[in-house]
1. Just check segment 128-202 against the gyration tensor rule for me: Cα atoms, a ≥ b ≥ c as the square roots of the eigenvalues, rounded for a/c under 1.5, and otherwise prolate or oblate depending on whether a/b exceeds b/c.
2. What number, in percent, do you get for the relative contact order of segment 135-268 if the mean sequence gap of Cα pairs under 8 Å and at least 6 apart is divided by its residue count?
3. First measure r as the distance between the Cβ atoms of Thr152 and Asp227, then evaluate 1/(1 + (r/R0)^6) with R0 = 22 Å and state the FRET efficiency to the nearest 0.05.
4. What does the charge add up to near Arg97, with Lys and Arg as +1, Asp and Glu as -1, over the other residues with Cβ less than 11 Å from its Cβ?
5. Of Asp75, Asp151, Asp226, Asp275, how do they rank once you tally other Cβ atoms within 10 Å and put the fewest first?
6. With labels modelled as points extended 7 Å from the Cα through the Cβ direction, what inter-label distance (nm, one decimal) is found for Ser278 paired with Tyr145?
7. What list of ³J(HN,Hα) couplings, whole Hz, do you get for segment 188-199 from phi and the Karplus terms 6.51, -1.76, 1.60, once you set θ to phi - 60° and write x for glycine and proline?
8. I want to check the label-to-label distance for Glu285 and Gln74. Put each point 7 Å from Cα in the C-beta direction and report it in nm to one decimal.
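Computed from the coordinates by the stated procedures, all read-outs in this text should not be read as laboratory data. The structure presented is a predicted model; accordingly, all values stated were derived computationally and were not measured. Using ideal geometry, Cβ is built from the backbone for each residue, glycine included, and neighbour counts are taken over all protein chains shown.
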Amino acid sequence: MFTRNATLILYTIIVVMISLTYSFEIGISRSALRRTATKMFSVVESSSEKGVSEPNCKVSGLVPILKPTNWTSQDVVAFVRKTLEMEAKNRLGTKKRPKIKVGHGGTLDPLATGVLVLGIGKGTKVMGSYLSGPKSYVAEFSTLYETDTLDTEGKVVKTSEKDLVLDEKVLETFRGEIMQKPPMYSALRKDGKRLYELAREGKDYEDVDVPERPVVVHELRVEGTDDLRKFKMECVVGGGTYIRSLIRDIAYAHETVGTMTMLERTVAGGFGIEDCISLRCSAEEIYEKAREVNEEKGIEF
């Protein structure tokens, strides 16, 4: 009995032979038929790989990327998508880039670095079940000022001359389930608009009712540095937690202000920094990482 792949190959040969005979009647060039045959055999070849979702995408799966600073999460998605689509274009011999699905499993701010997990092909549909756990972060913040974005990209709206003296009892109130107000500069929607769109219109919390939301802080450690106005924070948090807001609220609880100056996501979905590949990897390296993750996590499509 023929295997699925043998059947596909036989079918391809028959179609090409019929097309070749018909081409002499209608004047289709042999080179055009050769390109068509190459594409069809490429489809058969790619479909034999475990994890394949479609002819364009060789391997579906999850790929942890080391996000650089000054890139949005969507910038990373677009860059990786282009890399994979250019490989598919060359492999399949098409004039246009074939479409390949790529998405991310949790936004990182442009200034942040670290683990950004992407789904490619059918991996975009299973990300939620593999990335729903806590995430770990390392952050630094200053108590000299507060900006409207709660990071160094924004406009200074408050300053403070008070030194922050860490109080462990105060920090304890930020562990476990807490209520948190998201930043105005965030992608959450309010009345059909993103909060950052409203913020860019000059609106703030006094103009927009942004309700607090429950979030979970599993672990929290804050320590001072050689600079009395700069602090380092390490935390493990549940989904939906804004580190910028956590820093702001910890500073407020110590009767001062705080602005995040650095953020690195060190763990997401069980992937650490050491598991990530560079954004500049080739398409084959991206596919190889997807194969590796599929095998380690037992992901099948």
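1. oblate
2. After rounding, I find 44 percent.
3. 0.90
4. Every neighbour counted, the sum reads +4.
5. Asp226, Asp75, Asp275, Asp151
6. A separation of 3.5 nm, rounded to one decimal place.
7. 5, 9, 9, 6, x, 10, 5, 4, 5, 5, 5, 5
8. 2.7
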